[in-house]
Amino acid sequence: MSPTIFITGASTGLGRATALLFAERGWKVIATMRRPEDGADLASKPGITVLPLDVTDLAQIHEAARRAIELGGIDVLFNNAGYGLAGPLEGIDDAMLRRQIDTNLLGVIRTTQAFLPHFREKRAGVVITTTSIGGLATFPINSVYHATKWALEGWTESMSFELGQLGVAMKTVAPGGIKTDFLSRSLVLAQHPAYQSLVERVLAVFTSPERAAGYSTGEQIAEVVWEAATDGKDQVRYVAGQDAKAMYAQRLELGAEAFRKSIRTMFFG
């Protein structure tokens, strides 16, 4: 019987690339997204089932989990839904703050929680969560996004103790830049006039052609998701992409404070 992966945020980008990769390699895929009509082409492919799921809707989380388990059970849960909130904290209103935390952090925790009885009874399973190099290092004007991604790294590591005794693995995939339309589709930019020059300076660094040249494709990061799902290793963190690996290695080599100062120099000279 083919194993099954349940993916959130599968309509585009990394989620879509992962759905296609696993299906091509003989897995059954349950690809979820807020608007299932966006995944009509995925639904037409052998082995892929598309279900509606907004990870900020608790009732919908439980319904999607129930339907997925009824379809034959889940071997891997891939928490991929999320987006970036950037901008100075003074420009972020409470609705923006809540939406970022509800999607990136609570959505992951609640979706995982919905599958835990299933995994516990099986005494098997892998939970993989997309974090970011931004869960291991920080940059200016991304404080709330970093808050969610650093939280996911800590949550996953703690949960690895909780579930490891049950045969359930907890893992993160932490990509660097991905060559998708993330900046236009999955980035919300808050504004405040007092910080305009700072925002412009930071965006210029992130969008520079030199930096973008080092980004990975969604397909390359999907291969790391495949590795995490199938390697059977007692390993929590998978840093993905050459840019992310280089940055994380630099942080470990320099130490947290010296690395922080190097980031400040990168943006502000």
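Readers should treat all values here as calculations from the given coordinates under stated rules, not as data from a laboratory. Only a predicted model underlies this, so the values are computations on that prediction, with no experimental measurement involved. Neighbour counts run over all protein chains shown; Cβ positions are idealised from the backbone, glycine included.
Helix 196-206 and the longest principal axis of the C-alpha atoms of the chain enclose an angle of approximately 60°. A full extension of the chain between ALA194 and GLU219 corresponds to an added length of 5.1 nm, given 0.36 nm per residue minus the alpha carbon distance.
Under 19 Å from a label point 7 Å along Cα→Cβ of ALA246: give me every residue in region 125-148 with its amide N that close. Within reach of a label on ALA246: 132-140.
Size descriptor for the chain, Kirkwood hydrodynamic radius: 19.0 Å (Cα pairs only, one decimal). The Cβ shell under 13 Å around ALA204 holds other residues with a net charge of 0, Lys and Arg each +1, Asp and Glu each -1. Each of GLU37 and SER2 was given a label point 7 Å from its Cα along the Cα-to-Cβ line. The distance between the two points is 2.8 nm.
Stretching the chain fully between THR265 and ASP57 yields a gain of 70.8 nm (0.36 nm per residue, less the alpha carbon separation). To the nearest ten degrees, helix 256-268 and the longest principal axis of the Cα atoms of the chain are 60 degrees apart.
Taking trypsin sites (Lys or Arg not before Pro) across region 185-269, the ones in a DSSP loop with at most 13 further Cβ atoms lying within 10 angstrom of their Cβ are LYS233. Only the Cβ atoms of Lys and Arg (+1) and of Asp and Glu (-1) were treated as charged; on that basis the dipole of region 1-155 about its Cα centre amounts to roughly 480 debye. Across region 38-174, Cα-Cα pairs more than 27 Å apart make up 26 percent of the total.
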